[in-house]
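Right, one structure below, let's go through it.
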Amino acid sequence: MTRTMQAAVQYAIDDIRLEERPVPQIGPGEMLMKTLACGLCGGETMAWYKSEPKVLGHEPVGEVVEVGAGVTEFAVGDRVFVNHHVGRINSHLSRRGHFTRDPFYKSMTLDPGGVCEFYRVTAQHLAMDAHKIPESLSTEAAVTIEPWSCVLSGLKVCHIQPGDTVAVVGAGFMGQGFVHLAPLFGAGKVVALDFSDWRLARAQEFGATHTINPRTEDAAAALRALNGGRLADTVIVIAPFAEAWAQALALVEVGGCLHLGAPLPPETDWVRDGNAAYFDQITVTSRYSSDHTDTYSYLRLLEAGRIKADQAISHRFDIAQSAEAFRLLVEAETSLKIVVYPHGVPRNQREVA
């Protein structure tokens, strides 16, 4: 076993460096994982959201290469997904179902991150949110478990009733996830909104029944035209911009739900008309990240063939190309899920979707 490894380290949004780092040492109840693949997340482009420098990536899929004393459920050679953050059972917030808002949740991280050749998972990770990946699932499909479990988590609080019209503002990778999974929660019409015709075309592949480009048409008028004169019962906004939130709110029907799927920067005001807020009876929801129950549900849907996870992978890079991969993520133009392979892109995955 080598003592050092390569890791992609983020110092700034335009400064990704390939560095030599020590391979983590494991203790009792822990595991050492060889990183098979790791997705890049749009949250890593929000300078205010992440501390730097840090090892890039938090969506890895790994193969067990070493197990610590007492580990019996996993063995060397297993392909395993382990959520990067995990909660605990015995706390006030956890007992009320808010596992991800308990400060303990965010304190539990993979060591040292995702875009590196090896990473360590703790005993708490293994106890709370670790899963063997079925042979029927590809490694790339498994890369979607962490991010689209967050989508599933959000949909749980969107109050969707059977046949409801759902609109999704922002059709990047996470928006595509909401488009794709909303019918599993009972959505009828699913409307994707984005300024990019390329992303809108992809949304149709993931199940959007209609698309609207607010840059070229009045979004509210277009929505009413396709929905019997009504706005949407649920509107999910993924774009982290105040203008997008305003657009999303304007698309919610009376008695509907507005789901905030991505945060605005700190100290950004979001102001509503107080009279309308009372009479419109619009419920506003949000959901940070995913907990172990969301991961379990998503993995079962994935194994059942309900989710087109492989189709969401648009680009693949070797770890030496991490800076280029991250630049593509920041541009957010014609890409969805970008995957980095720390041990080299497999030969059968060399073609870019």
Gap in Å between the Cα centre of the range 274-321 and the Cα centre of the range 105-155? 14
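Give me the 1.4 Å probe accessible area per residue for the chain, excluding ligands and nucleic acids, in Å².
Working: 15680 Å² over 353 residues.
For the chain, the per-residue accessible area is 44 Å².
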Listed pairs 54/189; 106/156; 132/308 exceeding 30 Å between Cα atoms: 54/189
Over all distinct Cα pairs, what is the inverse of the mean 1/r for the range 121-192, reported as the Kirkwood hydrodynamic radius in Å? 13.8
Distribution output for the range 1-158: share of Cα-Cα pairs per 5 Å bin in percent, first bin at 0, values 2, 9, 17, 21, 21, 17, 10, 4, 1, 0
Rg over Rh [alpha-carbon atoms, Kirkwood Rh] for the chain: 0.97
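Looking at the calculated P(r) for the range 207-283, what percent of the C-alpha pair distances fall above 20 Å?
On the way: 958 of 2926 pairs.
Summing the P(r) tail past 20 Å for the range 207-283 gives 33 percent.
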HN-Hα J couplings of the range 105-118 from phi, Karplus 6.51/-1.76/1.60, θ = phi - 60°, integer Hz, Gly and Pro as x? 4, 6, 6, 8, 10, 6, 10, x, x, x, 8, 7, 6, 9
For the range 84-219, take the convex hull of the Cα atoms, compute a quarter of its surface area, and give me that in nm², please. 10.8
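Would you compute, from DSSP H runs of 4+ residues alone, the mean residue ellipticity of the chain at 222 nm, taking -39500 (n - 2.57) per run and dividing by the full residue count, rounded to the nearest 500? Each step should come with its number before you reach the end.
Values: 12 runs with 93 residues, N = 353.
So the helix-based figure for the chain works out to -7000 deg cm²/dmol.
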Expected field for residue 273, accessible surface area in Å² at 1.4 Å probe radius, rounded to 10, holds 90
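Considering the convex hull of the alpha carbon atoms of the range 51-120, report its projected area averaged over all viewing directions, in nm², one decimal.
Values: hull surface 23.3 nm².
The number I arrive at for the range 51-120 is 5.8 nm².
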In terms of the Cα gyration tensor, with a ≥ b ≥ c the square roots of its eigenvalues, is the range 146-231 rounded because a/c is under 1.5, prolate because a/b exceeds b/c, or oblate? oblate
Are there GluC sites (Glu not before Pro) in the range 115-198 that DSSP puts in a loop and that have at most 13 other Cβ atoms within 10 Å, and which ones? 135
Low-density loop cleavage sites - GluC sites (Glu not before Pro) in the range 2-57, where at most 12 other Cβ are within 10 Å (DSSP): none
Within the accessible area of the range 253-353 (1.4 Å probe), percent carbon and sulfur: 47
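Could you give the Stokes-Einstein D for the range 222-353 in µm² per second, using the C-alpha Kirkwood radius, 20 °C, 1.002 mPa s? Present the calculation step by step, with values, prior to reporting the outcome.
On the way: Rh = 18.3 Å.
Reported coefficient: 117 µm²/s.
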Provide, for q = 0.16, 0.22, 0.24, 0.25 Å⁻¹, the log10 of I(q)/I(0) from a solvent-free Debye sum over equal Cα point scatterers in the range 1-90. -0.79, -1.22, -1.30, -1.34
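The values are calculated or read from the model by the stated rules, or taken from the named source; none is laboratory data. Nothing here was measured: the structure is a model prediction, and the numbers come from that model. All Cβ positions, even for glycine, are placed from backbone atoms using ideal geometry, and neighbour counts span all protein chains on display. Surface accessibility is based on the protein's heavy atoms, side chains included, excluding ligands, DNA and RNA. Shrake-Rupley method; radii C 1.70, N 1.55, O 1.52, S 1.80 Å.
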